[in-house]
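Asker: Right, I'll just put the structure down here and ask away after.
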Ligand SMILES: *Cc1c(COP(=O)(O)O)cnc(C)c1O
């Protein structure tokens, strides 16, 4: 019997070592059970729940058993603050190997001159980038000069005066309702406090990025940092153009590719659409389309690398060595040809999902997709995002509500549902299955009626017609059974 070469298939990695992984998980759960049975039970239940649901959350995926197993070791027990070969603790020789291998894979995979594997999450990667850019570009006065004891005591006016003392640093990022991220200068995040922020949006008619308007905003505002990247924009971005704009106004181009790093790694986004050669600093998560462990990465051009390298202890605590090890394993997987096939399938499947919606009369923000995201405007079904999200969940379809440009229902109720293809593509779903997903979603939304409240807003309440949830559950169960999560893995 000859084994199929793993690298030529688009199947999720793991099937070829499923028996060994099953034995490892059975043993691990038995050990956990002997200490705290409720945790073993919740862990088992989580696998069952993930196997049984139609996961369309655009920021989620399924990491391979190799990636997951790598996180459960004694690498977690080591303190290793500092950088490779220069730690504040003794005995870091093995962590040095782990971090070097992770950084090497990241540099090779993305063609970056420098990679930093320590950030614990995407937000942390952005914090490292902000501080690295400030440290490289701004002559800041000593902290004592700022005259504040506790950051928590600062009012809005204090923040403004603090920014003024630092030179009133400006950040221009994509607006939240156009698909930007909280860390790109919005109030609920530190980035919205420490920077004087302004945002660029999308064209109200087409929903597409308007580069001329962006350039005009940059010329007028003169940001220190121009942030590219998004969480809910269903189109590709021309990063060469963003760099031109940044250069014209003297800004540092920072691209946050947290959502679409898998499409960059998988060479679906190349040339002007690949942010890494164009951005001064590129940040990402490792757990979304990149399909690795929960964590972050920073890639940088040489002039920023010294400052990025001081991410710990400047803004990060001790590195999670077990997670850096898992990043190295995931990045090694992403360097296989099979990952490129996977990434292409993620994009093809998003097109199939979008076409499935359009041919059934639904309205999509920007009229379609050319990445892994589809943003459905649910106002055409007479629903808010909140009602649609809950009704879909009742039918076993897991999504999240999302603002759409100029959202009439605001950021809480919203008018959109965001769909993503990375997770179900990992399970093996193709164009046929995604067309069926569109059919099921439209079935649910057509059978959802908003409840009229006698008083106050009724933007959350709805009724789902009898039999809808059962019908959709049955249809998705069939597709899920044909495309098992972690095939061959038994607990
Ligand atoms: C998800 C995301 C983040 C945050 O990642 P965490 O790991 O949750 O901190 C940052 N930026 C963008 C654009 C994202 O989509």
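Asker: How big is the antiparallel share of DSSP beta bridges in the chain, given as a percent to the nearest 5? Could the numbers behind the result be given before it?
Answerer: Values: 24 of 41 bridges.
Given both bridge residues lie in the chain, the antiparallel proportion sits at roughly 60 percent.
Asker: With the contact rule set at Cα under 8 Å and sequence spacing of 6 or more, what percent relative contact order holds for the range 337-482? Show your work: numbers first, answer last.
Answerer: On the way: 242 pairs, mean separation 38.3, N = 146.
Across the range 337-482, relative contact order equals 26 percent.
Asker: Further question: So how much slack lies between residue 23 and residue 77, counting 0.36 nm per residue of separation and subtracting their Cα-Cα distance, in nm?
Answerer: Working: separation 54, 0.36 × 54 = 19.44 nm, distance 2.39 nm.
Length gained between residue 23 and residue 77: 17.0 nm.
Asker: Test of understanding: what is the full-extension gain from residue 107 to residue 39, defined as 0.36 nm times their sequence separation minus their Cα-Cα distance? Each step should come with its number before you reach the end.
Answerer: Working: separation 68, 0.36 × 68 = 24.48 nm, distance 3.71 nm.
Between residue 107 and residue 39, full extension yields an extra 20.8 nm.
Asker: While we're on this one: Give me the percent of Cα-Cα pairs in the range 345-427 that sit more than 23 Å apart, rounded to a whole number.
Answerer: 16 percent
Asker: Another one. Shape of the chain from its Cα gyration tensor (a ≥ b ≥ c, root eigenvalues): rounded if a/c is under 1.5, otherwise prolate when a/b > b/c, or oblate?
Answerer: Oblate.
Asker: Calculate the length of the line joining the C-alpha centroid of the range 33-53 to that of the range 334-363, in whole Å.
Answerer: Rounded to whole Å, the Cα centres lie 31 Å apart.
Asker: Still on this structure, I have one more. From the alpha carbon gyration tensor of the range 337-482, can you work out the equivalent ellipsoid semi-axes (sqrt of 5 times each eigenvalue) and give them in Å, largest to smallest? Mind showing how you got there, number by number?
Answerer: On the way: eigenvalues 144, 64, 26 Å².
Calculated on Cα positions only, the semi-axes equal 27, 18, 11 Å.
Asker: Now for a different question. Over the range 31-129, with a single point scatterer placed on each C-alpha, what log10 of the ratio I(q)/I(0) does the Debye formula yield at q = 0.20, 0.21, 0.22, 0.24 1/Å?
Answerer: The computed values of log10 I(q)/I(0) come out as -1.20, -1.23, -1.26, -1.32.
Asker: Does the range 272-350 come out rounded, prolate or oblate by the C-alpha gyration tensor, with a ≥ b ≥ c the root eigenvalues, rounded set by a/c under 1.5 and, if not, prolate when a/b is larger than b/c and oblate if not?
Answerer: oblate
Asker: Where a ≥ b ≥ c are the square roots of the eigenvalues of the C-alpha gyration tensor, would you call the range 277-322 rounded, which needs a/c under 1.5, or, failing that, prolate if a/b is larger than b/c, or oblate?
Answerer: Numbers: a/c = 3.05, a/b = 1.14, b/c = 2.68.
Note, shape of the range 277-322 comes out oblate.
Asker: Moving on to the next point. For the range 249-404, report the translational diffusion coefficient in µm²/s to the nearest whole number, using Stokes-Einstein at 4 °C, 1.567 mPa s, and a Kirkwood Rh over Cα pairs. Kindly include the intermediate steps, with their values, before the conclusion.
Answerer: Details: Rh = 18.0 Å.
It diffuses with D of about 72 µm²/s by this estimate.
Asker: Something else about it: When the chain is fully extended, how far beyond the present Cα-Cα distance does residue 336 get from residue 465, taking 0.36 nm per residue of separation? Can you show the working numbers first?
Answerer: On the way: separation 129, 0.36 × 129 = 46.44 nm, distance 4.64 nm.
That works out to 41.8 nm of additional length.
Asker: Cα centroid distance between the range 464-482 and the range 245-320, in Å?
Answerer: Going from one Cα centre to the other spans 40 Å.
Asker: For the chain, what relative contact order do you get, as a whole percent, if you take Cα pairs closer than 8 Å and at least 6 residues apart?
Answerer: Values: 985 pairs, mean separation 109.8, N = 491.
Rounded, it is 22 percent for the chain.
Asker: Relative contact order for the range 286-332: what percent, with Cα pairs under 8 Å and sequence separation of 6 or more? Walk me through the intermediate numbers first.
Answerer: Details: 27 pairs, mean separation 21.9, N = 47.
It rounds to 47 percent for the range 286-332.
Asker: Going by average Cβ density within 10 Å per residue, which order do the peptides 279-292, 465-478 take, highest to lowest? Let's see the in-between values first.
Answerer: Values: 279-292: 29.6, 465-478: 14.9.
The packing order, highest mean first, is 279-292, 465-478.
Asker: Using a 10 Å cut-off on Cβ atoms, rank the peptides 480-487, 225-232, 121-128 from the highest mean neighbour count down. Show your work: numbers first, answer last.
Answerer: Working: 480-487: 16.2, 225-232: 27.2, 121-128: 24.9.
Final packing ranking: 225-232, 121-128, 480-487.
Only the coordinates and a few stated rules stand behind these numbers; no lab work does. Not measured: the values here are computed from a predicted model. No Cβ is skipped: glycine too gets one built from the backbone with ideal geometry, and neighbour counts run over all protein chains shown.
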